[in-house]
Amino acid sequence: MRHARRNVQRIARFAAVGGLVCGGLMVSHAVASETPDDPKAPNAETRAARTGQELVAELGTSRTAGSWIDAKGRPVVAVTDEEAAADVRGAGAVPKVVRYAMKDLRSATDTLKDAPKVAGTSWSMDYASNQVVVRADTTVSATEWDRLAKVAESLGKSVRMERTEGTFTPRVNGASPLFASAGRCSAGFNVTNGQANFILTAGHCGPVGTTWFSDQQGSRQVGATVSGSFPGGDFSLVQYSPGVDLSGADLVAVGNGEGIRIIGAADAAVGQKVFRSGSTTGLQSGEVTGLNATVNYPQGTVTGLIETTVCAEPGDSGGPMFADGLAMGVTSGGNGDCQSGGTTFFQPVTKALDSLGVKLVTEPGSGQAAPSSGSTGSADNGAGAAAPPGTSSTAPGGAVLPGAGGGSVDTVPEGQTDSLASALERVADFRSLGPGLFVIAGSLIALVALRIRSERGRRRYRNQYSQSWG
């Protein structure tokens, strides 16, 4: 009987120890989920981008030369002195001491801007190499290349020259889904000034007064372009026709009936992974390679663009670029295609919103306008693109046009983070903290009880043995 009791006690002891281990794992998982330090955790790139941008703004253009996200997901800041490097380290970022400050790189771009314009050329700031990179496409002649190279040589090693394949062109053509006589574009983001509702799209898509339709036959009017900029910038506003309800207008369609909920706007960072949706090629992804880019299109020069490795094709113009649910750009132009790849430039959303005096419909205080009375001809429009077979609410091409039934769509492409979903996951992980502590407490109580019982048994046995022996 004594041996049987001992076996039961051993099993109970092992169970209590196992409970301690399991409870400890539950608590550690909850704590790790509450304060993630993994650079590849959801939204880590967005946080890293914000850290780098804030440090550059704080230290100034004479002591920094931009920031980017490295392969490990860390914010890196180019600095010109060791004191600035120490400040960057103290803020939890990685410093890189460079030769040229931001003011030097901007001076180089100003010199290039003042030189005779050559269509088919572009330049952008490559923060990682601490240079301004000048590129020329296949339409640039040898004579034009030599003339541009002389300007670059006068600026020293702060400028690097490169040849690129294809042709730099705005991504608009005459096929099919925001239709106008000028061609086809993609809807970008839904915005408002509090009195009226608009689509933010590319400026080169059409001048002020352009009327847009959701079908090629021109029977379903979406609205008309009321303001914009091109060349110079590349953005415009298409005011919705009367009778449009903007419920569910914070979605960006990505195809297959799925969409991304846009929760705000932000500036892109070099090295950041981004997504683009367009009415021709649907959802595509790539990386930001440069900022403050200038492109000399045949139609004119556009400045202040975001340079990326995301592919695009004609008809994708005006479509949205985003990351982590944040609006970052609308498609301007580039070279290549989605078979061979290429470079695509985007108009920064933040600059366009500021210039136009509008806000995303998702932003606090945006003052979304109520639907006006009148025609409801655009109430059943698609997403700036004809819905593909098998979908009823959204399609590639950008902002979900109101009335498309897209309000219930709230999914995320692979590698993309939905802020609401990730927040709920963190709460769920945090809830395991309580049960974990409960398991640990119960296991400790069980171990103490077993210890007390075992000690009483030993005393009883010693008393009995000493009496029989005496």
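The values are calculated or read from the model by the stated rules, or taken from the named source; none is laboratory data. Being a predicted model, the structure only gives us computed values, none of them experimental. As a convention, Cβ positions derive from the backbone with ideal geometry for all residues, glycine included, and neighbour counts pool all protein chains shown. Note: areas computed on protein heavy atoms with side chains; ligands, DNA, RNA excluded. Shrake-Rupley method; radii C 1.70, N 1.55, O 1.52, S 1.80 Å.
Only residues that are among the hydroxyl-bearing types (Ser, Thr, Tyr) and either out of contact with any Phe, Trp or Tyr (no Cβ under 9 Å at 6 or more places or on another chain) or in a loop (DSSP other than H, G, I, E, B) (or both): list them for the stretch 108-145, please.
THR111, TYR127, SER129, THR138, THR139, SER141, THR143, listed by residue number.
So which of PRO177, PRO170 is modelled with pLDDT under 90, surrounded by 22 or more Cβ atoms within 10 Å (Cβ to Cβ) and out of contact with any strand residue (DSSP E or B) (no Cβ under 6 Å at 6 or more places or on another chain)?
PRO177
Give me the pairs, please: first residue somewhere in the stretch 91-107 and among the basic types (Lys, Arg), second residue anywhere and surrounded by fewer than 19 Cβ atoms within 10 Å (Cβ to Cβ), beta-carbon distance under 6 Å, and either six or more positions apart or on two chains.
LYS103/THR61; LYS103/SER62
Can you tell me which condition ASP267 does not meet? The list is (1) at pLDDT 90 or above; (2) farther than 21 Å from THR362 by Cα, and all the others hold.
(2)
Rundown of residues vs (1) within 22 Å of THR167 (Cβ to Cβ); (2) in contact with a helix residue (DSSP H, G or I) (Cβ under 7 Å, 6 or more places away or on another chain); (3) β-branched (Val, Ile, Thr); (4) surrounded by fewer than 24 Cβ atoms within 10 Å (Cβ to Cβ), yes/no style:
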{"site": "GLY271", "(1), (2), (3), (4)": "no, no, no, yes"}
{"site": "THR294", "(1), (2), (3), (4)": "yes, yes, yes, yes"}
{"site": "THR301", "(1), (2), (3), (4)": "yes, no, yes, yes"}
{"site": "ASP316", "(1), (2), (3), (4)": "yes, no, no, no"}
{"site": "MET328", "(1), (2), (3), (4)": "no, yes, no, no"}
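Any residue at all in the stretch 91-112 that is surrounded by fewer than 20 Cβ atoms within 10 Å (Cβ to Cβ), in contact with a helix residue (DSSP H, G or I) (Cβ under 7 Å, 6 or more places away or on another chain) and either closer than 29 Å to SER186 by Cβ or of a type in the set (S, T, N, Q) (or both)?
yes
Let me spell it out: the conditions are (1) touching a helix residue (DSSP H, G or I) at 6+ places or on another chain (Cβ under 9 Å); (2) surrounded by fewer than 17 Cβ atoms within 10 Å (Cβ to Cβ); (3) at pLDDT 90 or above, and ALA182 meets all of them except one. Which number is the exception?
Going through (1) touching a helix residue (DSSP H, G or I) at 6+ places or on another chain (Cβ under 9 Å); (2) surrounded by fewer than 17 Cβ atoms within 10 Å (Cβ to Cβ); (3) at pLDDT 90 or above one by one, ALA182 breaks only (3).
Tell me yes or no: at least one residue of the stretch 304-314 is of a type in the set (S, T, N, Q) and either in contact with a helix residue (DSSP H, G or I) (Cβ under 6 Å, 6 or more places away or on another chain) or open to solvent by less than 10 Å² (accessible area, probe 1.4 Å) (or both).
yes
In this structure, is VAL222 open to solvent by less than 10 Å² (accessible area, probe 1.4 Å), over 26 Å from the mean Cα position of the chain (by Cα) and among the aliphatic types (A, V, I, L, M)?
For VAL222, the condition - open to solvent by less than 10 Å² (accessible area, probe 1.4 Å), over 26 Å from the mean Cα position of the chain (by Cα) and among the aliphatic types (A, V, I, L, M) - is met.
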